[in-house]
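This report refers to the structure that appears directly beneath it.
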C-alpha cells in the first residue's frame, strides 16, 4: 500500500530515485512505526511521515518520524553515534529505522569538539533541564566550559567564550524574562530520545557540523523530551567557566542562571530540533 511519506530532495539524492520510489510504494517502508523523535506510535498509511537519513562514516540508517515532529532531512553523525542510535532504537521497538548501505560520497564525521572555538584544554560541560519562562516550561541546555576559552590565534589568559558565541548570533541576557530568539542554522540533535549533539552551520557550506558532541548519548527526562517536542526547539544557555556550575536540581540551576545573567555572564538562543 502507498505510504504518506515525505522524502526530501536531500534524502532522495542520497538513497536514489529507485529506493525513494520503493519507499513511497510501501515496499520498503513500515506501516506502523515508533516516531524516532517523540517515541510515540505513527502510521505511514494514515498520517504524513518524514524520512530522516542518518549517515555515519560506514553506515547509513533511514528512520521515520511524524511529519509534525521533524521534516525529512539528512543528518551527518559519527559512526559511534549512529551505532548507539541503532542500539537504542532497536531496544525500544526496532521498526522505526532500517540500515542502508552508506552512500559513497560521505563527508568526514564532525570533530568531537568545536575546532574553532574551544581549545584542547577546555571541555564543554552540558546540563539539561526545564526552565520556566512566562509560566511555561521550556527544555534547556546549559553549556559551560571547564577552562577559559581564548580566541584562536591569541596568546594570554583571557576568556572569549561569550564574545565568540555572540559573534555567532547568541544574545546576551540580563534576565530570563522571555524566550530568546531562534538562531537559524544551529540545531539540537536528538536520536532515539537521547541528546547527541549541538549542530552549527558548516563554514564550507553543506550539512551542519557538530559544535558540541556527546561522547556517549545523554539521557534526558520524559518531561524534557515532551517539552522539546511540544516547542520543537531547545533553549541553549552558555556561561563562562565558574558562572553556573553543574547544579543537582532544576531550581538551583535556574537560580544560577539568573545570577549569571544579572552579572552579564550569560548568552542564549533557541535552537530548533534536528534528528530522530
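The values are calculated or read from the model by the stated rules, or taken from the named source; none is laboratory data. Because the structure is a prediction, the values reported are computed rather than measured. Cβ: placed from backbone, ideal geometry, glycine included. Neighbour counts: every protein chain shown.
Please specify each residue of segment 227-276 satisfying the condition of being under 14 Å from the mean Cα position of the chain (by Cα) and part of a loop (DSSP other than H, G, I, E, B). Residues satisfying the conditions are 232, 275, 276. Exactly one residue among 252, 199, 190, 218 is closer than 20 Å to residue 165 by Cβ and not assigned by TED's automatic domain parsing to the domain that holds residue 40, and that residue is 199. Here the condition is being in a strand (DSSP E or B) and at pLDDT below 70; of 107, 121, 99, it holds for 99 alone.
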